[in-house]
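Undergrad: Would you mind keeping the following structure in view while I ask a few things?
The values are calculated or read from the model by the stated rules, or taken from the named source; none is laboratory data. Please read these numbers as outputs of a predicted model, since none were measured by experiment. When we count neighbours, we look across all protein chains shown, and the Cβ atoms used for this are built from the backbone with ideal geometry, even at glycine. Calculation scope for accessible area: heavy atoms of the full protein, side chains included, ligands and nucleic acids excluded. Shrake-Rupley method; radii C 1.70, N 1.55, O 1.52, S 1.80 Å.
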Amino acid sequence: MKSITISGSKRESVGKKATKALRNAGKVPCVLYGGETPLHFSADEPAFKNLVYTPNAHTAVIEIEGGNKFDAVLQDIQFHPVTDAILHIDFYQLFADKEVTMDIPVRLVGNSPGVRNGGRLLFRKRKLTIKALPAKLPDFFDIDISKLKIGANIAVATLLNDEFSILHPENTVVVQVKSARNAVVLDDEEGEEGAEGATEAAAE
């Protein structure tokens with residue numbers, strides 16, 4: 001999984017006045033948990049752009065002035081209710097031998113024959129929560145829908161893997177094609193003209 005580097009400074013004071021001063025200076029107060037003691041630090045708000053404002057899942061490498069580096073994962077984030085500015089971020093430190101829980105995005109690959117025949121593609125789970133060692137965290141789940149017909153679905157059971165645990169019931173539906181009023185049943189070889197991609201169908 002790709003890591004985003006965050007360069008920050010250790011916070012010597014964590015009171016309300018100091019926190020407000022950091023925000024006024026365009027910095028985001030953060031806490032890194034999981035180690036022997038919580039580490040309080042801050043970083044410029046633009047440093048979090050590629051970590052926060054993305055549909056992809058990333059881990060983080062937190063570089064503190066002085067040379068200390070920590071592998072981490074974003075645990076919680078608070079936004080301003082009006083401006084959506086980042087107010088505070090909690091990170092959790094990663095260790096090579098300790099499993100971590102993380103939401104992984106799902107991507108649909110291919111064109112569904114059920115959609116070509118007029119069915120409606122329903123993208124039920126755009127992210128799946130998994131538990132794995134940091135080295136085993138996937139960037140995303142690619143789900144092939146090229147054989148998904150009207151009335152069929154793809155559930156979590158088909159995605160099980162020895163490298164991680166999926167924290168959803170096996171019968172949880174990730175994507176399905178439901179019949180629509182104008183749907184017709186055609187052979188797989190038919191209905192190629194006017195085929196629409198999964199991305200457009202998913203937007204419905």
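Undergrad: Can you tell me which residues in the stretch 104-152 are part of a loop (DSSP other than H, G, I, E, B), closer than 30 Å to Gln75 by Cα and open to solvent by 40 Å² or more (accessible area, probe 1.4 Å)?
TA: Arg124, Lys125, Arg126, Leu133, Asp139, Phe140
Undergrad: A follow-up question, please. Which of (1) modelled with pLDDT under 90; (2) open to solvent by less than 70 Å² (accessible area, probe 1.4 Å) is the odd one out, the single condition Val31 does not satisfy?
TA: (1)
Undergrad: I'm checking my understanding of the structure. Among residues of the stretch 42-64 that are in a loop (DSSP other than H, G, I, E, B) and in contact (Cβ under 8 Å) with a residue 40 or more places away in the chain, which one is least open to solvent (accessible area, probe 1.4 Å)?
TA: Going through the qualifying residues, I end up with Ala57.
Undergrad: Got a number for residues in the stretch 153-177 being at pLDDT below 95, more than 20 Å from the chain's Cα centre (by Cα) and open to solvent by less than 90 Å² (accessible area, probe 1.4 Å)?
TA: The number of residues fulfilling the criteria is 0.
Undergrad: Another question about this same structure. Which residues, counting only those in the stretch 126-144, are over 14 Å from the mean Cα position of the chain (by Cα) and among the hydrophobic types (A, V, I, L, M, F, W, C)?
TA: Once the filter is applied, which keeps residues that are over 14 Å from the mean Cα position of the chain (by Cα) and among the hydrophobic types (A, V, I, L, M, F, W, C), the stretch 126-144 yields Ala132, Leu133, Ala135, Ile143.
Undergrad: Going by what's in this entry, would Asp103 be described as touching a strand residue (DSSP E or B) at 6+ places or on another chain (Cβ under 6 Å) and touching a residue at least 12 places away in the same chain (Cβ under 8 Å)?
TA: In short, yes.
Undergrad: Can you tell me which residues in the stretch 1-18 are open to solvent by less than 70 Å² (accessible area, probe 1.4 Å) and either charged (D, E, K, R) or touching a residue at least 40 places away in the same chain (Cβ under 8 Å) (or both)?
TA: The answer is Met1, Ser3, Ile4, Ile6, Gly8, Ser9, Arg11.
Undergrad: Name the residues in the stretch 76-100 that are out of contact with any Cys (no Cβ under 9 Å at 6 or more places or on another chain), in contact (Cβ under 8 Å) with a residue 24 or more places away in the chain and surrounded by fewer than 17 Cβ atoms within 10 Å (Cβ to Cβ), would you?
TA: Residues satisfying the conditions are Ile77, Ala85, Leu87, Phe95, Ala96, Asp97, Lys98, Glu99.
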